[in-house]
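> I'd like to ask you about the structure that follows.
Bear in mind that the values in this text are calculations on the coordinates, not laboratory data. If you're wondering where the values come from, they're calculated on a predicted model, not measured in any experiment. Cβ coordinates were reconstructed from backbone atoms using ideal geometry, including for glycine residues, and neighbour counts include every protein chain displayed.
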């Protein structure tokens, strides 16, 4: 229960039982959207969207501009409430009234601007708003140790010093700090909005490696991307939005680039003979 009941009352969804196991005995996905709709006036941004995000897997959300990707992630992040449908977390229906509700569940969203403070160093950014204190003052030693250990666990070795200002970091290094901050907050689901946009080749690979390491540590990743090369390199599952509708979702191995492009642009894909 979050805040004043913002994550419901612990209510269980109509397709789950009390222990968070779905009817067929299989563990439910970490996050599940069921029949989620969102409108802005006459514009239907999301139209009865279903989506499963399993724990420990990378799910890529793709779609053309205006497909509804931003509306979907802002709904999951607690910024917007759906007009219809519901969200399940570990098999239980939850109501997210604010980003803080989502964070308390273990959902962290990393937007394109990364929400880092350029005038602060890496340690200060990683603990921003959650600084530990000892005897009434900041526990700098504990902050440095935790930051260094988290970056080491994620194999982030490109930063010169954990005390260097974020303003001096490259785009790939900034993404690494944002991800490390999410891990520090014990996120179970990390949503990444265009994580490789405007990055060079080496920095892009650095971020993709980081995403892969997150999944091996049991963290679910929902990655929004226009770059299908990146998607097929790291994604376990692909979900395709077209004009607010979920037109395809499933294992990445069941799709190819041409099929995904067709789904993104037309909402359907051609049936090819063998």
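> Which one, 120, 222, 154, has the greatest fluctuation when you compute a Gaussian network model over the chain with C-alpha springs under 10 angstrom?
Maximum among the listed residues: 120.
> Could you grab the Rg to Rh ratio for the range 163-248? Cα atoms only, Kirkwood for Rh.
0.99
> Going by the alpha-carbon gyration tensor, a ≥ b ≥ c the square roots of its eigenvalues, is the range 135-205 rounded (a/c under 1.5) or, if a/c is not under 1.5, prolate (a/b greater than b/c) versus oblate?
prolate
> While we're looking at this one, here's another question. Grab the beta carbon distance between residue 197 and residue 167, set R0 = 22 Å, and tell me the FRET efficiency rounded to 0.05.
Once rounded, the FRET efficiency stands at 0.70.
> Here's another thing I want to ask about it. Ranked by Cβ crowding within 10 angstrom, fewest neighbours first, how are 113, 193 ordered?
113, 193
> Counting helices only, and only those DSSP H runs with n ≥ 4, report the 222 nm mean residue ellipticity of the chain as the sum of -39,500 (n - 2.57) divided by its residues, in deg cm²/dmol to the nearest 500.
Value at 222 nm, helices only: -8500 deg cm²/dmol.
> Now, a different point. Quick one: helix 140-153 against the long Cα principal axis of the chain, what's the angle to the nearest 10°, folded into 0 to 90?
50 degrees
> Just to confirm the number: angle between the C-alpha axis of helix 257-266 and the first principal axis of the chain, 0 to 90 degrees, nearest 10?
It works out to around 70 degrees.
> Quick one: angle between helix 171-184 and the longest Cα principal axis of the chain, in degrees between 0 and 90, rounded to 10, please.
Around 90 degrees separate the two axes.
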